[in-house]
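What follows draws every value from the coordinates through simple rules; no lab data is involved. This one's a predicted model, so the numbers in the text were calculated from it and none came from an experiment. All Cβ positions, glycine included, derive from the backbone under ideal geometry; neighbour counts span all protein chains shown.
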Amino acid sequence: QKEVEQDPGPLSVPEGAIVSLNCTYSNSAFQYFMWYRQYSRKGPELLMYTYSSGNKEDGRFTAQVDKSSKYISLFIRDSQPSDSATYLCAMSASGGATNKLIFGTGTLLAVQP
Amino acid sequence: GAVVSQHPSRVICKSGTSVKIECRSLDFQATTMFWYRQFPKQSLMLMATSNEGSKATYEQGVEKDKFLINHASLTLSTLTVTSAHPEDSSFYICSARQGAGYGYTFGSGTRLTVV
């Protein structure tokens, strides 16, 4: 079993839809949770950074962490064609400088105009 | 914001030759840099973690003699793929971090093709 599971998609939605992206994990030591957006042939770009459980909102993006269920989500409101990309969840057990991130496989999202 | 520059963005080399990829933090000092490899439609696989002035820590299964990592300064880390073979063709991405409590900033990646 992988430490982090993520549905690879592809997920296709119409413009303006609410998108829900999810990851599950098995390591209860994870405390730091991130969502990255990666366009084709580019490096990942940080979207959201959350510590422990709870919700965090930034513009059209909302990140949720439920540590009791080992489940994290990213919601995108009013989705736009420019949101079409691969979304990667990532997590780590501590905030130490050398602590490595464990990534999900990524979900490919296509927002249709 | 934090910016990481990675060069080259794309490189084609002949089998048996070596290729060097540079990763630079432009507006911050990176105490730690990470090197990843990404296969098509797959996630990022961590290859090694490097700290400025010390030897890199390689992940299990990564050949340290084949993938040479140097982190000689707080703003530059290099990955050299030695004696490259077609199976080394992949997308290589670096990430830099200023320190504990800071985020991970990624470079734009290098597409390596070995022919």
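Distance in nm between label sites at B:D27 and A:R77, each 7 Å beyond Cα in the beta-carbon direction?
Here the modelled spin labels are 2.8 nm apart.
With θ set to phi - 60°, apply the Karplus curve 6.51 cos²θ - 1.76 cosθ + 1.60 along segment B:73-85 and write out the HN-Hα couplings as whole Hz, x wherever there is a Gly or Pro.
Working through the residues one at a time gives 9, 6, 10, 9, 10, 10, 10, 10, 8, 8, 6, 5, 10 Hz.
Can you give me the long-range amide H partners of A:L47? Hydrogens built in the peptide plane at 1.01 Å from N, cutoff under 5 Å, separation of 5 or more residues or another chain.
A:W35, A:Y36, A:R37
Please compute the average number of Cβ atoms from other chains found within 10 Å of each residue's Cβ in peptide B:42-54.
Partner-chain Cβ atoms within 10 Å, mean over residues of B:42-54: 3.
Write out the trypsin sites (Lys or Arg not before Pro) in segment B:49-115 meeting two conditions: DSSP loop, and at most 15 other Cβ atoms within 10 Å of their Cβ.
Here the sparse-neighbourhood loop sites are B:K55, B:K64, B:K66.
Over chain B, consider all pairs of different Cα atoms and compute the Kirkwood hydrodynamic radius from their mean reciprocal separation; express it in Å, one decimal.
Result for chain B stands at 14.0 Å.
Specify the residue with the greatest mean-square fluctuation among B:L74, B:L46, B:L26, computed from a Gaussian network of chain B linking alpha-carbon atoms under 10 Å apart.
Fluctuation is largest for B:L26.
What number comes out for the charge environment of A:L74, summing +1 per Lys or Arg and -1 per Asp or Glu over other residues with Cβ under 14 Å away?
Once positives and negatives cancel, what remains is -2.
For B:S9 and B:Q60, what does the FRET efficiency come to when R0 = 41 Å and r is the distance between their Cβ atoms, rounded to the nearest 0.05?
Rounded to the nearest 0.05, the efficiency is 0.90.
From the backbone phi of segment A:41-52, what are the Karplus-calculated ³J(HN,Hα) couplings (6.51 cos²θ - 1.76 cosθ + 1.60, θ = phi - 60°) in whole Hz, Gly and Pro given as x?
For segment A:41-52, the Karplus-derived couplings read 6, 10, x, x, 10, 5, 9, 9, 9, 10, 10, 6 Hz, x marking Gly and Pro.
Search the structure for amide H atoms under 5 Å from the amide H of A:D7, placed 1.01 Å from N in the peptide plane, and list their residues when 5 or more places away or on another chain.
Those qualifying (amide H under 5 Å, at least 5 residues apart or on another chain) are A:N22.
Could you give P(r) for chain A, binned at 10 Å from zero, as whole percent values over all Cα-Cα pairs?
Result, from short to long distances: 15, 49, 30, 6, 0 percent.
So in the protein assembly as shown, which Cys have no other cysteine's beta-carbon sitting under 4.7 angstrom from theirs?
B:C13
Quick one: Karplus J couplings for segment B:50-64, per residue in order, coefficients 6.51, -1.76, 1.60, θ = phi - 60°, nearest Hz, x for Gly and Pro?
10, 10, 4, x, 10, 6, 6, 9, 8, 6, 4, x, 9, 6, 5
What residues qualify as long-range amide H neighbours of B:A48, i.e. H under 5 Å apart, gap of 5 or more or another chain, H built at 1.01 Å from N?
Under 5 Å from the amide H of B:A48: B:W35, B:E59.
Counting only Cα, what are the radius of gyration and maximum Cα-Cα distance Dmax of the protein assembly as shown, in Å?
17.6, 51
Report, largest value first, the span of the C-alpha coordinates of segment B:25-77 along each principal axis, in whole Å.
31, 24, 13 Å, listed from the longest principal axis down.
Report the net charge of residues surrounding B:S73, where surrounding means a beta-carbon distance below 11 angstrom and charges are Lys +1, Arg +1, Asp -1, Glu -1.
Taking every Cβ under 11 Å from that of B:S73, the sum is 0.
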